[in-house]
Amino acid sequence: MDIVIKKDTPLKEFNHHWKFCVGSAHAVYALRHDYVNQLKELSRDLGIERVRFHGIFDDSMHTVVKMADIIPLPFSGKYTEKSFRQCANVYDNIIEAGMKPFVELSFMPKHLAKFRLAKGMFYYRPIVSMPKLLSAWEDYIRSFIRFLIDRYGKEEVETWCFEVWNEPDIPVVFFDGTQKDYFRLYTVTVNAIKSIDNNIKVGGPATSGSKWIKDFITYCEGTGTPFDFISTHQYAGDPIGGIENKEQGLGLKMNFLAGLDKSISKDNILDLYRSFMGVADAPKSLGREALTESAKNVKALAGEKPVYYTEWNMCASFSAPCNDTSMQAAYILHAISGSQGSIDGSSIWCFSDLFEEFHQFPEEFHGGFGLMTQSGIKKPAYYALQFLNEAGNMAYEIPHNDKIDVNVFKKDNEINIIISMLDFDEQALSENVNIKVELDCAPAEVYENNIDETHCNPLKEWERFGKPQMPQPSQLKAIISASSPTDEATEYEYKDNTLTISTCIKSNAVKRIVIKQ
């Protein structure tokens, strides 16, 4: 592949839509010290502006409590208090980290739920029921919005985004209702919010696999229901996909009926979980252009409304080993490059392995979705995003290549060339890359950073220490040091005002070349 940057090569603004937001564990985790510290580091290094999570109304947040929950006295069930103190503690921590909340309005407090036993399948068992009385839910939402405005101010809250529910298209797991039920819930919720402050931004349908978009827009426009943005989700490995209600089939087949692998140690839940989830060959089930193609279709349907992909990543199957590798870094760069012009804001799922939808696995590396491990070790994808963040907002217009993703950025007196090659089939490919850049004078410095099997590979360093479940401080320091990006001198030739570099990129690797003038 040849990359040629001339003095007259036009520049265009690069949409770092991934900096709009990032996902995280459910709300109660934001009360933890380690969570907040990691969030501060991520805000500093990556420049991400918001954080989104489930469960701000889960019963662990104690927003609706009856006296009977405390002491089951006669008539105590008639006495109810409403409190958003825990919500404020969460949002205070988010703001202290230098970010804003992206407010996902979920799930249902038990005392408002139509069916208290309608609980999601996740480890913390959220109630995913419709409200028993829509009027009670409406009053609850109004109280919540008034509380936020009183505490943070009208102008501040108007800079936040409010999303109604999470993946209501997935029954049992996230929503005990139909599409019609969700539309009713959305209508009551958005009208309650707008009755307090019409300038607050509210949207949906927050579906998985880019679904329900046309139906949602048709419903809202037909009923006069306001929506300020479209939100949806997409993974390269979504088990279910499609712009409408069509299913593309299971991408990863759970092996519940395959029989118990008797070789798995009885004291290791992770290996058993991986066995029945069938994640060993996860990459081979992924759709390279799933996000790119879906986002174009959703954007065409949304028209002038902003499109926010409030969850996306490579593999939707938790515990897949590829989530901890440079493949994830290559995929994220590929998806960001391919979705330019289609996505207005997005939220990678998620920023840390401090996360317990299925279980808080104790192993430091367990195929979690996070950009960081529980102890704060940065994974390859974290560093790929840091390269993007440091490169600036202006990129040269260069031809697209189907095999290799290349973006060349101009920032002050520095040129950043970020190259990656995504290979779900893991064929050990290698491609030559020839770079020519016209410069007014010889560069002051040229160096590169690499993310591959031998660079920025904390998983490999952890394995060298014998896979300690929770690394000791000295081990943690050594792993982080050995897997951080290093500046390596790049061979080049400068002649006739042209810098020439010949290099190569390997499968699922990332290379950044920095030219300082």
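A Cβ distance below 6 Å, combined with a sequence gap of six or more or placement on separate chains, defines the contacts here; from the stretch 282-304, residues that are assigned to a helix (DSSP H, G or I) reach residues that are open to solvent by 80 Å² or more (accessible area, probe 1.4 Å) in the pairs Leu301/Lys214.
Within the stretch 4-20, residues that are closer than 26 Å to Tyr382 by Cα and among the charged types (D, E, K, R) sit with their Cβ atoms under 8 Å from residues that are modelled with pLDDT of 95 or more and surrounded by fewer than 11 Cβ atoms within 10 Å (Cβ to Cβ), at 6+ positions apart or across chains, in these pairs: Lys12/Glu397. Does Lys114 meet the test of being farther than 20 Å from Asn89 by Cα, open to solvent by 20 Å² or more (accessible area, probe 1.4 Å) and in contact with a Lys or Arg (Cβ under 8 Å, 6 or more places away or on another chain)? So Lys114 passes the test.
Looking at this structure, is Ala300 surrounded by 14 or more Cβ atoms within 10 Å (Cβ to Cβ) and either modelled with pLDDT of 95 or more or in contact with a Lys or Arg (Cβ under 8 Å, 6 or more places away or on another chain) (or both)? No. The condition of being modelled with pLDDT of 95 or more, touching a Leu at 6+ places or on another chain (Cβ under 7 Å) and not in a strand (DSSP E or B) holds for only one of Thr218, Thr189, Thr225, that being Thr189.
How many residues does the stretch 55-82 hold that are open to solvent by less than 80 Å² (accessible area, probe 1.4 Å), without any contact (Cβ under 8 Å) to a residue 40 or more places away in the chain and within 29 Å of the chain's Cα centre (by Cα)? Within the stretch 55-82, residues that are open to solvent by less than 80 Å² (accessible area, probe 1.4 Å), without any contact (Cβ under 8 Å) to a residue 40 or more places away in the chain and within 29 Å of the chain's Cα centre (by Cα) number 1.
Residues in the stretch 43-54 that are out of contact with any Lys or Arg (no Cβ under 9 Å at 6 or more places or on another chain) and buried (at least 23 other Cβ atoms within 10 Å of the Cβ): Arg52, Phe53, His54. Only one of the numbered conditions (1) of a type in the set (A, V, I, L, M, F, W, C); (2) in a loop (DSSP other than H, G, I, E, B); (3) more than 17 Å from the chain's Cα centre (by Cα) is not met by Ile48, and that is (3).
Could you look through the stretch 167-186, keep only residues that are open to solvent by 50 Å² or more (accessible area, probe 1.4 Å) and either over 26 Å from Gly120 (Cβ atoms) or not polar (S, T, N, Q) (or both), and pick out the one that is modelled with the lowest pLDDT? The residue in question is Val172.
Where strands (runs of 3 or more DSSP E) fall wholly inside the stretch 467-517, the ranges with 2 or more residues that are more than 20 Å from Leu388 (Cβ to Cβ) are 493-495, 498-506.
Only one entry in Phe365, Phe358 is of a type in the set (A, V, I, L, M, F, W, C) and under 22 Å from Phe424 (Cα atoms), namely Phe365.
Taking the condition free of Cβ contacts under 8 Å to residues at least 24 places away in the same chain and not charged (D, E, K, R), does Gly367 pass? In short, no. Entry remark, the stretch 465-499: residues being more than 15 Å from Pro443 (Cα to Cα), touching a strand residue (DSSP E or B) at 6+ places or on another chain (Cβ under 7 Å) and open to solvent by 90 Å² or more (accessible area, probe 1.4 Å) number 1 in total. The single condition among (1) modelled with pLDDT of 95 or more; (2) assigned to a loop (DSSP other than H, G, I, E, B); (3) closer than 30 Å to Ser339 by Cβ; (4) in contact with a strand residue (DSSP E or B) (Cβ under 9 Å, 6 or more places away or on another chain) that Lys110 does not meet is (3).
Table: residues versus (1) modelled with pLDDT of 90 or more; (2) touching a Pro at 6+ places or on another chain (Cβ under 9 Å); (3) open to solvent by 10 Å² or more (accessible area, probe 1.4 Å); (4) under 29 Å from Tyr186 (Cβ atoms).
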| site | (1), (2), (3), (4) |
| --- | --- |
| Gly242 | no, no, yes, yes |
| Asp267 | no, no, yes, no |
| Tyr309 | yes, no, no, yes |
| Asn313 | yes, no, no, yes |
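The condition of being over 16 Å from Ile3 (Cα atoms) and without any contact (Cβ under 8 Å) to a residue 24 or more places away in the chain holds for only one of Gln472, Gln427, that being Gln472. Here the stretch 270-297 is the region considered, the condition is being touching a Phe, Trp or Tyr at 6+ places or on another chain (Cβ under 7 Å) and more than 27 Å from Glu453 (Cα to Cα), and the residue that is least open to solvent (accessible area, probe 1.4 Å) is Ala295. If only residues of the stretch 83-101 that are of a type outside the set (Phe, Trp, Tyr) and open to solvent by less than 30 Å² (accessible area, probe 1.4 Å) are counted, the one that is nearest to Tyr309 (Cα to Cα) is Pro101.
The number of residues in the stretch 121-166 being open to solvent by 40 Å² or more (accessible area, probe 1.4 Å), within 22 Å of the chain's Cα centre (by Cα) and under 27 Å from Thr80 (Cα atoms) comes to 2. Every condition in (1) buried (at least 22 other Cβ atoms within 10 Å of the Cβ); (2) over 30 Å from Phe122 (Cβ atoms) is met by Tyr383 except one, and the failing one is (2).
In the set Glu163, Glu167, only one residue is assigned to a loop (DSSP other than H, G, I, E, B) and touching a residue at least 12 places away in the same chain (Cβ under 8 Å); that residue is Glu167.
The values are calculated or read from the model by the stated rules, or taken from the named source; none is laboratory data. Because the structure is a prediction, the values reported are computed rather than measured. With ideal geometry, Cβ positions are generated from the backbone for all residues, glycine too; neighbour counts draw on all protein chains shown. What goes into the accessible areas is simple: the full protein's heavy atoms, side chains included, and nothing from ligands, DNA or RNA. Shrake-Rupley method; radii C 1.70, N 1.55, O 1.52, S 1.80 Å.
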